[in-house]
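These notes are about the structure you will find just below.
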Amino acid sequence: MNSWTSATNSLLLAFPALFSIVNPIACALIFSQLTADNTPVERRLLAGKVALYATFIMLAALWLGTAVMNFFGITLSALRLAGGLVVVASAWGLLFAPERQEARKQEQAVHAANPEDAAFFPLTMPFTTGPGTISVAITLGSNRPSGVHELIPFFLGNSGAAVLMGLVIWGIYRYADRLSKFLGQTGTRIFTRLSAFILLCIGAQILLNGAEDALRPLFLGRLDQH
């Protein structure tokens, strides 16, 4: 039961963070514009490819990102501090300037002359899962516990969040044209700001965890001296 609770907690932490940074609703509106000349069947196939590639990118960042950082001698606390700052900065930008974020993603994806030939680049990378998403995934993966019994639920919860995020991308992109008509730009920006606030809180929590890891040995050392 404890393992199930730990896995659920990991999923509930990771999924909102990934959802907020990917912002699939805003991306879907741009995706709808870029694929307006494609048939419904072609749009569905393209949505499936983008979702599959995005899931692989998030999983790779979650489970290989920390190992790459460790290879370069970056400590776990430093990774959490830096990652927390990146998440907070990204959330701050989304919270106060969602229009700038939409414009940047539009500029990244507009170079795809034939969307069918650009499922991975640029529609998946960097349009859907860019550097911000990779940074968030690496930071989430860096919070892994040391014990084996705790690591398995952590692995399942975070992997489940990445797979669930991929399914959300697939579903929203698949019906991007209907979503575009329903929400419009105003509704999308309201939703973006709400998601950005959640992401800001998650980034602050990761930052606090990193600070705690970095400062605990100093406090314990001072206590031992006394």
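The values are calculated or read from the model by the stated rules, or taken from the named source; none is laboratory data. What you see is a predicted model; the values in this text were computed from it and never measured. Virtual Cβ from ideal backbone geometry, glycine too; neighbours counted across all protein chains shown. To get the accessible areas, we keep the full protein, side chains included, count just its heavy atoms, and leave off ligands, DNA and RNA. Shrake-Rupley method; radii C 1.70, N 1.55, O 1.52, S 1.80 Å.
Observations, loosely collected:
- Result for the chain in a Gaussian network model with C-alpha springs under 10 Å: among Ser146, Ser195, Ser90, the largest mean-square fluctuation is at Ser146.
- Net length gained if the chain between Phe191 and Asn9 were fully extended (0.36 nm per residue, minus Cα distance): 63.2 nm
- Extension gain (nm, one decimal) between Phe96 and Leu218, 0.36 nm per residue minus Cα-Cα: 40.3 nm
- If the segment from Ala211 to Ile198 were pulled out straight at 0.36 nm per residue, it would be longer than the present Cα-Cα gap by 2.7 nm.
- Between Phe121 and Thr39, the simple spin-label model (points 7 angstrom out along Cα→Cβ) gives 3.0 nm.
- Tensor-based shape of the chain (alpha-carbon gyration tensor, a/c under 1.5 rounded, otherwise prolate or oblate): prolate
- Largest to smallest accessible area among Val88, Val41, Val22 [probe 1.4 Å]: Val41, Val88, Val22
- Solvent exposure ordering (accessible area, 1.4 Å, most first) of Asp37, Asp177: Asp37, Asp177
- GNM result for the chain, Cα springs below 10 Å: residue of Thr128, Thr139, Thr66 fluctuating most strongly: Thr66
- Extending 7 Å from the Cα toward the beta-carbon at both Ala89 and Phe72 defines two label points whose distance is 1.4 nm.
- Cα gyration tensor shape of the stretch 143-207, rounded if a/c is under 1.5, else prolate or oblate by comparing a/b with b/c: oblate
- With both labels modelled 7 Å from their Cα along Cα-to-Cβ, the Ala60 to Phe182 distance reads 3.2 nm.
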